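> Below you'll find the structure I mean.
Since every read-out is calculated from the coordinates, none of them should be taken as a lab result. These numbers were taken from a predicted model, which means no experiment stands behind them. Ideal geometry is used to build each Cβ from the backbone, glycine not excepted, and the neighbour counts take in all protein chains shown.
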Amino acid sequence: MRITQGAFSFLPDLTDAQISAQIDYCLRQGWAVSIEYTDDPHPRNTYWSMWGHPMFDLADAAGVMGELAECRAVHRGCYIRINAFDSTHGWETVRMSFIVDRPADEPGFRLIRQEGEGRVVRYTLESYAVARAPEGVRYPG
Amino acid sequence: MNAVEQQAPGLPENAVATVDLAAEYRDAGVAEVLDSLERELVGLSPVKRRVREIAALLLVDRARRKIGLATEPPSLHMSFTGNPGTGKTTVAMRMAEILLRLGYVRRGHVVAVTRDDLVGQFIGHTAPKTKDVLKRAMGGVLFIDEAYYLFRPENEKDYGQEAIEILLQVMENQRDDLVVILAGYADRMERFFESNPGLKSRVAHHIDFPDYSNGELGEIAATMLGQWNYRLDAAGRGAFDEYIALRRARPHFANARSVRNALDRMRMRQALRLFESGATVDAAALTTLTEADVRSSRHFLPASP
């Protein structure tokens with residue numbers, strides 16, 4: 001099951017040229033771009049691991065693309081996303097976030113039903129990938 | 001493949017076979033940059049000549065690519081050598097503009113750094129610091145002032161070597177993304193290159209900045225004052241010419257920068273003089289620097305111990 005988080009996730013995977021163009025857009029807006037990765041695709045997992053610091057004062061996407069290439073080499077088969085942070089007063093938040101890399105095989109989620117008091121049923125999601133292996137070896141790289 | 005696009009309307013002749021260099025030159029807007037270089041920078045004729053040569057090389061290279069002649073992208077890393085205050089940073093800005101207009105850099109900004117911005121304080125600090133600077137400079141020009149400080153032969157544990165290695169790697173592998181300009185005193189740069197042959201072989205263009213003559217410095221002073229809405233009266237001009245000759249003989253003479261600092265001090269003395277006279281002032285009094293403002297410099301005092 002292909003997970004859909006952030007912008008563009010219903011589109012086919014972006015090519016490097018498209019990623020670079022999106023980053024250029026972010027930089028033109030004056031946003032700071034950062035790279036994050038994870039192998040836990042749960043939709044509520046908002047705190048992904050940072051790949052280095054957010055990159056401030058960039059003028060061109062080449063710097064980010066270089067970091068992205070390094071991150072891909074190290075975390076092959078993980079989810080990698082690009083965030084753009086807007087530091088202007090009143091925003092101070094991530095303005096754009098999109099996934100640029102995902103595992104070749106995404107096994108999806110199991111719906112867990114937990115029976116509570118009476119006839120109450122509590123639902124939760126569990127990723128098959130997370131259930132089958134510990135962190136770091138969940139997706140064959 | 002580029003040539004096919006060039007056949008689009010507007011070019012009557014077969015665009016694949018010929019490229020009008022003059023038109024290219026006009027359209028790229030390089031002429032304006034070269035003209036303003038010629039106009040706004042006093043003296044420096046060998047530098048202007050070299051800049052013109054480099055611009056011509058890039059223009060021809062571009063034409064070759066349009067016609068479809070296979071060509072290795074030219075190496076654009078440069079070294080600017082010369083004494084302080086001879087216009088190295090200014091020319092680097094113009095060079096970035098030329099590279100931008102000809103499409104050899106994408107953004108055309110200049111990131112000016114020194115050793116402190118590249119080299120870290122402890123083990124593991126240098127690489128991220130250097131990479132951060134390189135990332136900021138991507139798409140533009142990285143101007144490393146006093147580049148020879150990166151290399152300290154007397155200390156083999158110095159982290160500068162690490163910065164040089166990262167720099168070399170990027171200079172070689174990301175030539176499309178970044179142009180590096182190394183700047184500094186001529187003799188020390190020469191020694192720096194000798195001890196770093198890898199760096200020397202990757203720097204294609206060397207531009208030597210000569211010292212300004214006294215007359216040129218006088219002209220520079222007049223231009224600067226003009227920009228600030230000041231002027232020297234005739235006697236002041238004469239005194240300032242004497243001042244330049246005296247100042248040149250003193251240590252730490254930094255060409256145009258010394259002139260600029262001297263003018264700043266003269267403005268201060270003029271302000272004090274006007275303030276202490278307490279009289280009403282008009283525009284002429286406010287804009288004119290007199291002989292007295294020049295002659296009260298300590299360089300006119302008899303040699304003190």
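> According to the Cα gyration tensor, what semi-axes, each the square root of 5 times an eigenvalue, does the equivalent ellipsoid of segment B:121-196 have, listed from largest to smallest in whole Å?
One finds semi-axes of 20, 17, 10 Å for segment B:121-196.
> Follow-up. Kindly write out, for segment B:260-268 in residue order, the coupling ³J(HN,Hα) from the Karplus curve 6.51 cos²θ - 1.76 cosθ + 1.60 (θ = phi - 60°), rounded to whole Hz, with x marking Gly and Pro.
The phi angles translate into 4, 5, 4, 5, 4, 5, 5, 4, 5 Hz.
> Loop only by DSSP, 12 or fewer other Cβ within 10 Å of the Cβ. Give me the chymotrypsin sites (Phe, Trp or Tyr not before Pro) in segment A:77-141 that pass, ordered by residue number.
A:TRP91
> Among all the lysines, which ones have a C-alpha under 28 Å from B:LYS131's C-alpha, if same-chain residues fewer than 8 places away are not counted?
Output for B:LYS131: B:LYS88, B:LYS157, B:LYS200.
> Exposed loop GluC sites (Glu not before Pro) only (DSSP loop, at most 10 other Cβ atoms within 10 Å): please give the longest stretch of chain A free of them, not including the sites.
The longest uninterrupted stretch comes out as A:1-91.
> Equivalent ellipsoid semi-axes for chain B, as square roots of 5 times the alpha carbon gyration tensor eigenvalues: give them largest first, rounded to whole Å.
Over the Cα atoms of chain B, the ellipsoid semi-axes are 42, 29, 16 Å.
> Through the Karplus equation 6.51 cos²θ - 1.76 cosθ + 1.60, θ set to phi - 60°, convert the phi angles of segment B:191-205 into ³J(HN,Hα) values in whole Hz; use x for Gly and Pro.
These are the phi-based 3J(HN,Hα) values: 5, 4, 5, 4, 8, 10, x, x, 6, 4, 6, 9, 9, 8, 10 Hz.
> Let me ask something else. With springs connecting C-alpha atoms under 10 Å apart, model chain A as a Gaussian network and identify which of A:SER87, A:SER97, A:SER34 has the largest mean-square fluctuation.
Greatest mean-square fluctuation among the candidates belongs to A:SER87.
> By how many nm would the segment from B:GLN227 to B:HIS299 grow when fully extended, if each residue of separation counts as 0.36 nm and the alpha-carbon distance is taken off?
On the way: separation 72, 0.36 × 72 = 25.92 nm, distance 2.54 nm.
Extending this stretch completely gives an extra 23.4 nm.
> How many nm is it between the label spots at A:ALA7 and B:ALA31, if each spot is 7 Å from the Cα in line with the beta carbon?
Taking the two extended label points, one gets 4.1 nm.
> Relative to the longest principal axis of chain A, what angle (0 to 90°, nearest 10) does the C-alpha long axis of helix A:62-74 take?
40 degrees
> Moving to a separate point now. What stretch of chain B, leaving out the sites themselves, is the longest with no chymotrypsin sites (Phe, Trp or Tyr not before Pro) in a DSSP loop having at most 14 other Cβ atoms within 10 Å?
Counting at most 14 other Cβ atoms within 10 Å as exposed, the longest clean stretch of chain B is B:1-121.
> Over segment A:15-117, consider all pairs of different Cα atoms and compute the Kirkwood hydrodynamic radius from their mean reciprocal separation; express it in Å, one decimal. Please report the intermediate quantities before stating the final value.
Numbers: mean 1/r = 0.0670 Å⁻¹.
Taking every pair of different Cα atoms in segment A:15-117, averaging 1/r and inverting gives 14.9 Å.
> Suppose we flag trypsin sites (Lys or Arg not before Pro) only when DSSP calls them loop and at most 16 other Cβ atoms lie within 10 Å. Which is the longest uninterrupted stretch of chain A?
Numbers: sites that count: A:ARG2, A:ARG44, A:ARG76, A:ARG119.
Segment A:77-118 is the longest.
> Now, a different point. For segment B:95-161, which trypsin sites (Lys or Arg not before Pro) are in a loop by DSSP, counting at most 13 other Cβ atoms within 10 Å?
B:LYS157
> If you find the alpha carbon centre of segment A:61-111 and of segment B:19-78, how far apart are they in angstrom?
40 Å
> Evaluate peptide A:52-62: per residue, the Cβ atoms of other protein chains within 10 Å of its Cβ; return the mean as an integer.
For this peptide, the per-residue mean of nearby foreign Cβ atoms is 6.
> Rg over Rh of the protein assembly as shown, using C-alpha atoms and the Kirkwood radius, what does it come to? Walk me through the numbers before you get to the answer.
Numbers: Rg = 29.5 Å, Rh = 26.7 Å.
Taking Rh as the inverse mean 1/r over Cα pairs, Rg/Rh reads 1.10.
> Sticking with this one: With a cut-off of at most 14 other beta carbons within 10 Å, and DSSP calling the residue loop, which GluC sites (Glu not before Pro) in segment B:141-199 qualify? Please list them. Display every interim value, and only then the final one.
Working: sites: B:GLU146, B:GLU154, B:GLU156, B:GLU162, B:GLU165, B:GLU172, B:GLU190, B:GLU194; in loops: B:GLU146, B:GLU154, B:GLU156.
For GluC sites (Glu not before Pro) across segment B:141-199 that sit outside H, G, I, E and B with at most 14 neighbouring Cβ atoms in 10 Å, the list reads B:GLU154, B:GLU156.
> What does the C-alpha gyration tensor say about the overall shape of segment A:1-67? Classify as rounded when a/c is under 1.5, otherwise prolate if a/b is larger than b/c, or oblate.
Cα axes put segment A:1-67 in the oblate bin.
> Please check: in the Gaussian network model of chain B (C-alpha springs, under 10 Å), which one of B:GLY140, B:GLY215, B:GLY184 has the largest mean-square fluctuation.
Its mean-square fluctuation being the largest, the pick is B:GLY215.
> So what is the 222 nm mean residue ellipticity for chain A from helices alone, if each DSSP H run of at least 4 adds -39500 (n - 2.57) and you divide by all residues, rounding to the nearest 500 deg cm²/dmol?
Result for chain A: -6500 deg cm²/dmol, rounded to the nearest 500.
> In deg cm²/dmol and to the nearest 500, what is the mean residue ellipticity at 222 nm of chain B if only DSSP H runs of at least 4 residues count, each as -39500 (n - 2.57), divided by the residue total?
-17000 deg cm²/dmol
> If I fit a long axis through the Cα atoms of helix B:126-137 and take the longest principal axis of the Cα atoms of chain B, what angle between them do I get, 0 to 90°, rounded to 10?
So the inclination is approximately 90 degrees.
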